[in-house]
Amino acid sequence: MSTATKTIAPRKRERSRIKSPYPTWFYIPAGVFYLVLFLVPTGASLYFALTRWSIFDVEFIGIDNFVQFFQEPSLVKGFVNTFFYAFVTSGLKVVLGLLLGVLLTSQIIARGFLRSVVFFPVLVSTIGVGVTFKVLLDPFDGLLNGALATIGIEGPGWLTDPAWALFSVALVDVWKGVGLATLIYIAGIVAIPQEYYEAARVDGASGFQNFRFITLPLSRPATVTVIILSLIGGLRSFDLIWTMTRGGPGFTSDVIASVIYKQYQAGFYGLSTAGNVVLIVVVAAIVVPVSIWLNRKGAEA
Amino acid sequence: MSGINRVKPRGVIVGVVAIVLATVVFIVPFVFIFLTAAKGQTEASLLQFSWPTEWLLLDNVREVLETRDGILVRSFVNSAVLTVVSVAIMVVLAAMVGYVLQRRQSRWNPLVNMLVLAGLIIPPAVVPTIWVLQGLGIFKTLPGLIAVHIAFGLSFCILLFKAFVATIPRELDEAALIDGAGPLRLFFSVVFPLLRSVIVTVIVVQSVTVFNDFTYALYFLPGEENSTVQLTLYNFQSQGLNQWSLLFTDVLLITVPPLIMYIFFNRQIVAGMTSGAVKG
């Protein structure tokens, strides 16, 4: 199409008006939203991160915000926690999602029912889940510690003990998100050709060998998708943590996204934006190499 | 041999164990929400997993809807408008991009593909977005939040549309062009109707996402009186009122729309959320 427009020079004007049935201006309406509300703010954040910015004025201060971000213990804690939260949730979603995926593609009763039950929390509002589990995990009146007490275990203060708070929220995140991982694994496992399993049966392979040498390697695309999706979600995670602990006790369960909100609330817009830039860099620096690496390894295999 | 006969005895045992575990882990929390929402206030404040002595679910629903002059009703209207308008615009705009992106090879394609992926991965810069919205005069307004959702949701929709347009034969386009259709007619009267199944998927998945969104509402449409259902629930919770029965009635109410979606569009939701699982 483009070579044709070049060679017929005299009729170029006329042709360019009807040259393609797929007009480039179809990009424009979507592009306007994307440009104005995504690209411009992202670009502007690179400047505002270098300023002391309040309701009243903007003052350029260089990299002071970033220095503060990596010096103040409460902010550094949020930085470290972000990685912990993302890796714990992705790891558990991969392991549990794979096990549930294998279970829910095997010949068991009530498979459809179980799939629906595992998946439904994915669709429920995060705030609703947070409110509910905050009550269920209450150290004194909560259902979980009540149940543990009946079998003689004294449960920890899930959300009130600094050592547990972030991990507890991560577990609730897994509870809510494992259904999506399971669904992705089910789609991946169902796509594995049955011939492999038949050949393995002829060779007398055990159930575990089937899993180890057929299901596990061939569901690799599903693993890649689950890891990348949960890393993106986990690194940016905000709403569940904010509903359940507000980053507390103290700042022990803060993550970058909650630091951004706290600094914004306090009126430190420059510092908040610096946190945002750090988050953008963290997400890009982890997700892009991981996805390139996982996809390349997959191509070699 | 019907499917049920192939289930071996071991499958029955494993299935029963799985049902018990799934019930404890996944169903008990929902039953807890329901039971607490049906209790009276004193009983609910014990936070126990028990049968209500008196069923007050309807009274609780009425009371929570009447709280503060129907703030919850207003937020439900807001959430409905937000969801419908933003998803409708998102679908049309994303379909246009996905269609041209798949059909036309040009030097813009690598750039557009990269921007789409960036929109999927990069977390939005919130305070500068507020700055832009203020400049446009739509900060703290429903149209502002709608625009934000469109901008942030486009990428996911474009990917789905692009993949689906590839399955529509080009011969169809050519036939329509020979019949004298222009680019607009070709897209809106010929191609767009053929996208129906993926459109349903996109609508369902994005509706649930937009309806459940909390973070963007918190930043871009803050306030007590005129917000979305998620923000109203958050405000109820953070005001620390110990009216647990009303709080859980609210949780129950905002769980109903996704539940209805799931019952009717189970297949589309699954298709949309697992897209890319097989090819990676």
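The values are calculated or read from the model by the stated rules, or taken from the named source; none is laboratory data. Remember, predicted model here, so these are calculated numbers, not experimental data. Here the Cβ positions follow ideal geometry from the backbone for every residue, glycine too, while neighbour counts run over all protein chains shown. In case anyone asks, the SASA skips ligands and DNA or RNA and just uses the protein heavy atoms, side chains included. Shrake-Rupley method; radii C 1.70, N 1.55, O 1.52, S 1.80 Å.
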Study note, to complete from the structure: The relative contact order of region B:68-274, taking Cα pairs under 8 Å that sit 6 or more residues apart, comes to a percentage of 33 percent
**Study point:** Protein-only accessible surface order, largest first, of A:Thr42, A:Thr150 at 1.4 Å
**Key:** A:Thr150, A:Thr42
Exercise for review: Once you've got the GNM for chain B with C-alpha springs shorter than 10 Å, pick whichever of B:Leu194, B:Leu253, B:Leu136 has the biggest mean-square fluctuation.
Suggested key: B:Leu136
Check your understanding: With every protein chain present, what accessible area does A:Val80 have (1.4 Å probe, heavy atoms only), rounded to the nearest 10 Å²?
Key -> 80 Å²
Review point. Which entries in A:Lys176/B:Lys140; A:Lys77/A:Lys262; A:Lys93/A:Lys134; A:Lys77/A:Lys297; A:Lys262/B:Lys140; A:Lys93/B:Lys8 show an alpha-carbon gap greater than 25 Å?
Key: A:Lys176/B:Lys140; A:Lys77/A:Lys297; A:Lys93/B:Lys8
Revision key, fill the gap. In the protein assembly as shown the accessible area split gives carbon plus sulfur, as whole percent at 1.4 Å, a share of 67 percent
Check your understanding: With every protein chain present, what is the per residue accessible area of chain A (1.4 Å probe, Å²)?
Key -> 47 Å²
Check your understanding: Taking only Cα atoms, what is the 0 to 90° angle, nearest 10, from helix B:244-274's long axis to the longest principal axis of chain B?
Key -> 30 degrees
Review point. Quick one: if you stick a label point 7 Å off each Cα along the C-beta vector at A:Gln265 and A:Ala163, how many nm between them?
Key: 2.8 nm
Check your understanding: Say a site is exposed when it is one of the GluC sites (Glu not before Pro), sits in a DSSP loop, and has at most 12 other Cβ atoms within 10 Å; what is then the longest site-free stretch of chain B?
Key -> B:55-223
Practice item. Using only Cα atoms, locate the centre of region A:210-276 and the centre of region B:33-85, then give the distance between them in Å, rounded to an integer. Key: 30 Å
Study note, to complete from the structure: Between A:Phe140 and A:Val190, the two model label points (7 Å from Cα along the beta-carbon direction) sit apart by a distance in nm of 4.9 nm
Review point. Which residues of region B:161-200 end up with at least 20 Å² less accessible area in the presence of all protein chains than when their chain stands alone, using a 1.4 Å probe?
Key: B:Leu177, B:Pro183, B:Leu184
Exercise for review: Just the number, please: buried accessible area between B and A, total of both chains, 1.4 angstrom probe, nearest 100 square angstrom.
Suggested key: 7800 Å²
Review point. Which whole-angstrom value gives the distance between the alpha carbon centres of region B:171-199 and region A:21-71?
Key: 38 Å
**Study point:** Nearest-10 value in Å² for the accessible area of A:Asp203, using the 1.4 Å probe
**Key:** 130 Å²
